[in-house]
1. In Å, what Rg and Dmax follow from the Cα atoms of the chain?
2. Along segment 201-209, what does the Karplus equation 6.51 cos²θ - 1.76 cosθ + 1.60 (θ = phi - 60°) give for ³J(HN,Hα), rounded to whole Hz, x for Gly and Pro?
3. Using 1/(1 + (r/R0)^6) with R0 = 25 angstrom and r between the beta carbons of GLN37 and THR2, what's the FRET efficiency to the nearest 0.05?
4. Counting only DSSP beta bridges with both residues in the chain, what percent are antiparallel, rounded to the nearest 5?
5. Quick query: amide H of HIS162 versus all other amide H atoms, modeled in the peptide plane; which residues come in under 5 Å with a sequence gap of 5 or more or a different chain?
6. Filter the cross-link list LYS105/LYS183; LYS190/LYS211; LYS190/LYS219; LYS105/LYS211; LYS77/LYS133 down to pairs whose alpha-carbon distance in this structure exceeds 23 Å.
7. Note down the relative contact order for segment 5-227 as a percent, whole number, built from C-alpha pairs under 8 angstrom at least six residues apart.
8. When the dipole is taken about the Cα centre of segment 5-227, and only Lys, Arg (+1) and Asp, Glu (-1) are charged at their Cβ, what size is it in debye, to the nearest 20?
Amino acid sequence: MTKPIIGIVLQPSFTDNDEVFQNRYYVLDNYTQAIYQNGGIPIGLVMNNLEVIKENLALCDGILIPGGIVIKDYHLKIIDYAYQNNIPYLGICMGMQALAMYSLKENHETKVLQMIAKPHKHNYEITKQTKDKLGHKVKIIDKESQMYQIFQKEVLDVNSFHNYEVTKVGPDFKIVGLSDDNKIEIIECKNPHKFMVGVQWHPELLPEMTKLLKTFIEKSGNNHANKNK
C-alpha cells in the first residue's frame, strides 16, 4: 500500500509592499520530518490569495494544521472540509485553537481564546532552547477518548509554547485533557468514527509522542485505502 499523503497547511508571510520575492508560504521542517518518519508523505497546502484550493485538499488522506500566530478564515474552511469528508485531522497548538473555533462555528478569536493571565509553564522559555524539553503535565480526563486509547495512561509530559488558551468547545467536540493548572490541552470530536484531535503542545518535537503521530497517519492510511477501493 502506498503511504498516505498528509497535507500540512502552510503559513503565509505576506507584506503590503511590492518587493520581489517578499511574499511566501512556509512550514517548519520539524513537521515534515515527523510526518515522513512516522509513515506519511508530507505535502504543503497553499492558498490562492488566501482562499482555499479544494483540489489541493482532495489530494490529502490526512490534514495537519501546525502551530502559528494568526488563525485565518481559511483554517476554518479546511477543518470543515476535513470534518465533512471524514478526513483525519490533527491540530497542533494553533491548529487546536482553530479546531475549537470551528467547533463553535465562530470566527472571532476572543470568544473562544483568551490570553493566559499567569503563563505557569505554558510559554516555557527553556523549551525554546531545547526542543524536547518538557514544560508541564497533561491529565487525560476521558478514558473513552481516542487520546486515552492511544497512550493508555492518564498523565502525559509535554512541552509548551503558547500564550493563549482555549476556553470552550462546541457540542460535537469534547475536552479530553487538562494541564495541571486546568488549562484545556486536548480536544477531540465526540464521533469515534472521526479522527479530529487537537493538542496544545508540540508532539512533533517529542519522541514519546510518536504514538499520536503514528495513529494519525494510520487513520489517514485507512482513509487512503477506502478512497482507492
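No value in this document is a laboratory result; all are computed from the given coordinates. In this text, all values refer to a predicted model and were calculated from it rather than measured experimentally. In this analysis, Cβ positions are derived from the backbone assuming ideal geometry, glycine residues included, and neighbour counts consider all displayed protein chains.
1. Cα only, the chain: 16.8, 53 Å (Rg, Dmax).
2. The phi angles translate into 9, 10, x, 5, 9, 10, x, 6, 9 Hz.
3. On the way: r = 17 Å, r/R0 = 0.68.
Approximately 0.90, to the nearest 0.05.
4. Details: 23 of 38 bridges.
So the antiparallel bridges in the chain amount to around 60 percent.
5. ASN123, TYR124
6. Numbers: LYS105/LYS183 21 Å; LYS190/LYS211 20 Å; LYS190/LYS219 16 Å; LYS105/LYS211 30 Å; LYS77/LYS133 33 Å.
Exceeds cut-off: LYS105/LYS211; LYS77/LYS133.
7. For segment 5-227, the relative contact order is 22 percent.
8. Working: 24 positive and 26 negative charges, 111 e Å.
With only Lys, Arg, Asp and Glu charged at Cβ, the dipole is about 540 debye.
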